[in-house]
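First the structure, then my questions, so here it is.
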Amino acid sequence: MKKKIIENIKTIFYALVIALIIRSFLFQPFYIPSSSMEPNLQIGDRLFVSKYTYGYSKHSLPFSPNFSNKRFLSHEPKQGDVVVFKTPADNRTDYIKRLIGLPGDAIQIIDGDLYINNSKILREKNTIFHEINCGNQILKVDSYIETLPNGKKYVAVYDSKNTMLNTDKYIVPLEHYFFMGDNRDCSKDSRFLASVGYVNSNNLVGKARIIFFSNNIKVGNFFKFWKWNKSIRFERFLKKIK
């Protein structure tokens, strides 16, 4: 009996070690709690983030142990990547946004148009109409397909009358990045220098890869199985994040 208990403890220990290795160095699951990346990521989406894509820092490990201020096996992220990072405000809270500005870039929004290094990026109005969440409100917004200098395309939504459509010019410091949410009217991101601002390369956690589960929490949670036909978004399962 004692031998069996010891074997069970060993099995659980090995399973935890393997799970920790996978979570720290390969893939980590994340939950989307806000609407800042709508319509591309929705509240209730659960996704996998690859930890190896940009290399590793102290934020790759649980609880961000302060063993080093360097990044190991570092790889440069690409404009347009959807990235999970630790906010500079507390180096603890996970945010997920789209990478817009690389180190040294100048970023500005003028009349809704996004400028990178004084060049206006291509913006095409989308025929698809969107209603997006912003706190307890549902906003009717315009939808645009934006194309970054590297050819990356994505959908961004915003109200053409919103005051955040005109900003100062942001100059991204070296070893830092500039992020924005796709839901421009309802995203706390690098435009807000006091709360988020420029993100140090060491704060990058990983690249968002794929949605593995999605549940509309306004309809019902996972445990209300009698509402699964309405709450679970089966069409979003295994959807690649662009």
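Under 26 Å from the Cα of Lys169, which lysines turn up, not counting those fewer than eight places away in the same chain?
Lys78, Lys86, Lys97, Lys120, Lys125, Lys152, Lys153, Lys161, Lys188
Going down the table (Lys140/Lys218; Lys70/Lys207; Lys10/Lys239; Lys70/Lys218), which pairs top 30 Å between alpha carbons?
Lys10/Lys239; Lys70/Lys218
So what are the three principal axis dimensions of segment 31-116 from its Cα atoms, in whole Å, longest to shortest?
Result for segment 31-116: principal-axis Cα extents of 45, 35, 23 Å.
May I ask you to derive the relative contact order of segment 2-240, considering only C-alpha pairs under 8 Å and at least 6 residues apart, and to give it as an integer percent?
23 percent
Starting from a Cα-only point model with no solvent, please compute log10 I(q)/I(0) by Debye for the chain at q = 0.10 1/Å.
Results for the chain at q = 0.10 Å⁻¹ read -0.53.
Taking the Cβ of each residue in Asp111, Asp94, Asp45 as the centre, tally the other Cβ atoms inside 10 Å and list the residues starting with the fewest.
In increasing order of surrounding Cβ atoms, one gets Asp111, Asp94, Asp45.
I want to verify a result. In a Gaussian network model of the chain, Cα cutoff 10 Å, which of these has the top mean-square fluctuation: Ile217, Ile232, Ile32?
Ile217
Taking the Cβ of each residue in Thr53, Thr147 as the centre, tally the other Cβ atoms inside 10 Å and list the residues starting with the fewest.
Lowest count first: Thr147, Thr53.
Each value in this text was obtained by applying a stated rule to the coordinates, not by laboratory testing. Computed from a predicted model, the values in this text were never measured in an experiment. Methodologically, a virtual Cβ is constructed for each residue, glycine included, from the backbone with ideal geometry; neighbour enumeration extends over all protein chains shown.
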